[in-house]
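I have placed the structure first, in the form of structure tokens, so that the comments after it can refer back to it.
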Amino acid sequence: MDGVTNLDWGDIAKDKNGNLIVAVTGDNLIHEIFVLYRFKEPKLGQKKVEKNGIDKITFRFFGGEELNNEAVFYADKSIYILNKEYGKL
């Protein structure tokens, strides 16, 4: 994507409207502000996504906790971000 640098992209999901959601939700030791990029899925052979076609959703996690965010998915008109905890069953 033009103008978007991959530092620690965590996952990718697709919503019911055919948009891709790229999650920049990785290591909290690097990031304090996180980003979701939402855009129409490129057609086969399409080389780039135009900058004006990308929604940039920025957010923070409440409490400033260190989280290990690993996955993103779309359901019920919402985007969910999953994290894992070590040592818990």
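Things worth noting here:
- When the stretch 63-89 is limited to residues that are at pLDDT 75 or above and part of a loop (DSSP other than H, G, I, E, B), the one that is least open to solvent (accessible area, probe 1.4 Å) turns out to be ASP76.
- The residues of the stretch 32-62 that are among the basic types (Lys, Arg) and open to solvent by less than 100 Å² (accessible area, probe 1.4 Å) amount to a single one, ARG38.
- Residues that are part of a loop (DSSP other than H, G, I, E, B) and either among the charged types (D, E, K, R) or modelled with pLDDT of 80 or more (or both) within the stretch 43-62 comprise LYS43, LEU44, GLY45, GLN46, LYS47, LYS48, VAL49, GLU50, ILE54, ARG60, listed in sequence order.
The values are calculated or read from the model by the stated rules, or taken from the named source; none is laboratory data. From a predicted model like this one, the values you see are computed outputs, not experimental measurements. To get the accessible areas, we keep the full protein, side chains included, count just its heavy atoms, and leave off ligands, DNA and RNA. Shrake-Rupley method; radii C 1.70, N 1.55, O 1.52, S 1.80 Å.
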